[in-house]
Structure formats: C-alpha cells, structure tokens
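Read the structure below first, then the notes.
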C-alpha cells in the first residue's frame, strides 16, 4: 500500500481514516465517531476535530470487553502525546489550546452493566462520560428502537437515569426506542442528547427522531447531533447521493423547532478500517437498504455520507453552507461544538 502525503489525503477513501488536516478557530465536537485498531492515532489531532465522542466498546459487549476497551484507550493516551482522555469540559478546551485530540469515552448500549447498576460508578471512575442505554435491541435498561413492543425504561433503567445524573454521565438516546427516550427525557434532571440522529419529519427512517423527541431533548437543555450519514438524509424521492444542503436542512429543522442552542453534529465517521462481519450486514439491512441499492452499500465508502461533508477536511463546507442560510458566526460556533461543550460542562463539570 502506498502512503499518501498530507496534501493528497482528502482524495483518499474514508475507510483508511486519513482526512485532510485543517486548522480553524472552532472547538469542533463530533458527537459520534468509530475508531478502529489500524487508526493512525498520532494524526487524530490534525484533522480539525477537537473532541471525538468515540464508541469505546462494541454495542452489546459485556463488562470484561468494555473494561478492556477503556483500558486500551488509556494505553493509547499514554502512548501518544497528541491524545488526551476528556473527563471534564476543561480537558476539551485544553486540548484545543495545546493542539491535541480529546477523546470522550462513550458507550453505545448498556449491556455491559448486566443486572448490576453498581458497575456504573466504577466505569465512570475509569473515564466513561457518555452512554446510550440500549442499542437497537432490548437491554436491561430500556428498549432499543427495533423492539416492536417499545416498552420504555425498566426499573433498572430508571435507577440508571438517576445514577447518570448523580455521577455525571451524559445520557445519549440515539438508537433507543421512542417511548424509552421520552421516559428518560421526562425523568432526567440533567441535559440529555441524541448524538447522531436526524429529524423524522424530513426522512422517515426508524433511526430518525420525531419533533416531540427533539423538543423534549431541548427542554432538558440537551443537544441533537445532526448527522451527515447518507441514509438518514436520503428522502423518499431521491435516487442519488444526498448533498450537504440536505444535511443543512436537518440543522435548520432542529434549530427552527428547538432553538440554535440545541443543535450539534454527530458524523458517525470512522478512523481506520471499518471491519467486515454480521454487524455490518445487519446494519445495512435495517438502516439504509434502499440507500445501499441505489447509492452505496459499503460502510467503508465516502458515498455513505452526504456529498460535500464526507471528510473532516470539509468542515468548512458546513460553515459556508450555514452562512448561506443566514446563520451567524455565533450560531455556527454553537453548532460546530459550543452546544455540546455547554452540555458537557453542565453534566461533567469543569
């Protein structure tokens, strides 16, 4: 394999995890990122993203795998001076000043807690700062969005919400069943987020969220991380790849509905090579099969993201597109990362 120079990176496929380095004034918080073992960790700070909210372990991992995954990230942070683990909002601000990449340890799913809520304080002490209670299917805490009963929070789930509020773990509701999300948003005393979800009013996908969910999230002080993932921007009348303008439509919808203080970005980008396996086939079948037929099936392809924002080096395209929609510089800074940072400060401190 031929390695590319930095000025060639933008033209290289997304699956290799190499993106055009970009210097800009924004604190850019990406609400959802996948990081695979062949990532070039030394370059993560060069891509223009200040804080990556990473899927630390696989969605349905048990406690041992989740523990090992967190331990590995602390090893990576010790190995690479360009990386720090973010335990407070101040850590993210320091990373921006010092040219580092801040890593937010996040979990997509609550299976690793088993039936023991007392595991949560231990994982928090290890650095866990963001957590989805259920990934598509049922967990001990809640129903995922693919469960037909949509049963809502369990008793343990109610205790989990209270524990997250007490400890300072940010609740993320992407991939969670609608009733469960509304149960959480009614119960929580702290802001909650949807890290990578788009408005169902624009694209009627099971992965997108209703206006009621968006308003309820905003009522907690939370943020909806609008995503540039292609299938969630792929409207019923489309037969080709969505553009950055469709992504901005989703930003506008959430801002108009809930206010500019409640919009962020969650790309669901990958660093390193997205693996083959049943998870991919299952995700393709359930989340974007029409997109796979008409545009692109491979999760390793740029075409799985909207045209114009399929790489970190194209963040300024988002800035320019928002400017064309009459968003102010202050509005843009909030969406790029300021709103997520405010929520982190509220929930984690610092």
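Remarks
- For P(r) over Cα pairs in 20 Å bins from 0, in percent, calculated from these coordinates, the label among [x] 33, 62, 4; [y] 22, 31, 16, 15, 12, 3, 0; [z] 28, 59, 13: [x]
- The chain: antiparallel DSSP beta bridges as a percent of all, rounded to 5: 5 percent
- Note on segment 224-242 and segment 32-51: Cα centroid distance 24 Å, given to the nearest whole angstrom.
- From helices alone, the chain scores -10000 deg cm²/dmol at 222 nm; the rule is -39500 (n - 2.57) for each run of n ≥ 4 DSSP H residues, then divide by the residue total.
- For 326, 211, the sequence from fewest to most other C-beta atoms within 10 Å is 326, 211.
- Length-normalised contact order of segment 21-348 in % [C-alpha pairs under 8 Å, at least 6 apart]: 19 percent
- Segment 194-213 and segment 158-174: distance between their alpha carbon centers, rounded to Å: 21 Å
- Legend: ranking of residues 306, 295 from fewest to most surrounding C-beta atoms inside 10 Å; resulting order 295, 306.
- With neighbour counts taken as other beta-carbon atoms within 10 Å, the residues 154, 243, 289 rank, fewest first, as 289, 243, 154.
Values in this text are rule-based calculations from the coordinates and carry no lab data. Predicted model only: the values in this text are computed from it and were never measured. Note: ideal-geometry Cβ built from the backbone for every residue, glycine included; neighbour counts use all protein chains shown.
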